[in-house]
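Visitor: Dropping a structure here in structure tokens format, bear with me for questions.
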Amino acid sequence: MSFADSPLCAFEPGRKIIVAIDGPAGAGKSTIARHLARHFGLLNLETGAMYRAFALKALRLDLPLDESSGLERLAAETTIRLESSKPDPATPESGEQENRVFLDDEDVTGLIRNHTVTDAASRVSVFPAIRAWMVGLQQQLAAEGGVVMEGRDIGTVVFPHAEVKIFLDAAPEVRGLRRYDQAAQLGPAPPQQPEEVIRDLRARDERDRNRADSPLRPAPDAVLLDSTHMTLDQAVEAAEAIVAAKLNLTAIQNN
Ligand code: DC
């Protein structure tokens, strides 16, 4: 089968497909993106980790998080790299893909998931100059396609021509409880009570959805997937069906 006949061939000649997954925190984006990447043999790129790495640097330097100029100067002297292991095309079902994020060549993957960095990432991401810088990095990263890219603005700004766009959502209470359960599974005692997790998540939603530049919202051509009443396994299955249907369509349109 030639590349042009492959279901992974994109609408745009010379690149493979891009699957954009957007949605608020706790909607299941990471789990679903990881599964889709493995299932369809794509690279999984989690853009939130890039904002988190930059926020970590700003926190370490004690920079005010509400002043664009200082953050812009910092961005000019910062390198952020996201790496994802490629799945084996012969056995795409095998092996977890993990994103590792490098801040000025330091692997900070294990340092960016705490509450302080999570909140700071949402704050630094409101500034247009920071967003423009990140969007450029993300477009370079996935220029050849063959990726599932997950974030808040992938289908609207980073790759408005992505072949597949899924907007994942769920009620804030459900998302908050999922986040709480994830934290509980990681350590002995989660640092926050469920109500606190839900409160923080609502505050972050509010900021992400209402910022002036690239607010979190579905692209007009995104497929909406609400996982409020689904298990994550059911949501994964639904997302797989959406991608498969789109890929068949792409193959037909390319013939
Ligand atoms: O997906 P996440 O929770 O790791 O993202 C952390 C923050 O980064 C989120 O609150 C908003 C911001 N973000 C963004 O503005 N655009 C993206 N494409 C990804 C994340």
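Visitor: Of all strands (runs of 3 or more DSSP E) completely enclosed by region 90-192, which ones contain at least 1 residues that are away from the ligand (no atom under 14 Å from the Cβ), farther than 22 Å from ALA222 by Cβ and in contact with a helix residue (DSSP H, G or I) (Cβ under 9 Å, 6 or more places away or on another chain)?
Guide: Here the list reads 99-103.
Visitor: Just to be sure, is PHE167 surrounded by 14 or more Cβ atoms within 10 Å (Cβ to Cβ), of a type in the set (Phe, Trp, Tyr) and more than 20 Å from THR31 (Cβ to Cβ)?
Guide: no
Yes/no matrix, rows are residues, columns are (1) at pLDDT 95 or above; (2) small (Gly, Ala, Ser); (3) open to solvent by 10 Å² or more (accessible area, probe 1.4 Å):
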position	(1), (2), (3)
SER6	no, yes, yes
ILE18	yes, no, no
GLU46	yes, no, yes
ALA53	yes, yes, no
LEU59	yes, no, yes
LEU71	yes, no, no
THR91	no, no, yes
ASP104	yes, no, yes
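Visitor: ALA33 passes all but one of (1) in contact with a Pro (Cβ under 8 Å, 6 or more places away or on another chain); (2) within 16 Å of GLU98 (Cα to Cα); which number fails?
Guide: (1)
Visitor: State which residue pairs qualify: first residue more than 12 Å from SER125 (Cβ to Cβ) and near the ligand (Cβ under 9 Å from one of its atoms) and inside region 200-219, second residue open to solvent by 20 Å² or more (accessible area, probe 1.4 Å) and at pLDDT 90 or above in any location, beta carbons under 8 Å apart, and separation of 6 or more residues or different chains.
Guide: Close Cβ pairs (under 8 Å, with a partner that is open to solvent by 20 Å² or more (accessible area, probe 1.4 Å) and at pLDDT 90 or above) amount to ASP205/PRO172.
Visitor: Between residues in region 154-173 that are within 25 Å of ALA203 (Cβ to Cβ) and residues that are hydroxyl-bearing (Ser, Thr, Tyr), which pairs lie under 6 Å by C-beta distance while being six or more apart or on different chains?
Guide: Note: pairs meeting the criteria are VAL157/SER214; ALA170/SER227; ALA170/THR228; ALA171/THR228.
The values are calculated or read from the model by the stated rules, or taken from the named source; none is laboratory data. What you see is a predicted model; the values in this text were computed from it and never measured. Methodologically, a virtual Cβ is constructed for each residue, glycine included, from the backbone with ideal geometry; neighbour enumeration extends over all protein chains shown. Each accessible area value is taken on the protein alone, full model and side chains, heavy atoms only, with ligands, DNA and RNA left out. Shrake-Rupley method; radii C 1.70, N 1.55, O 1.52, S 1.80 Å.
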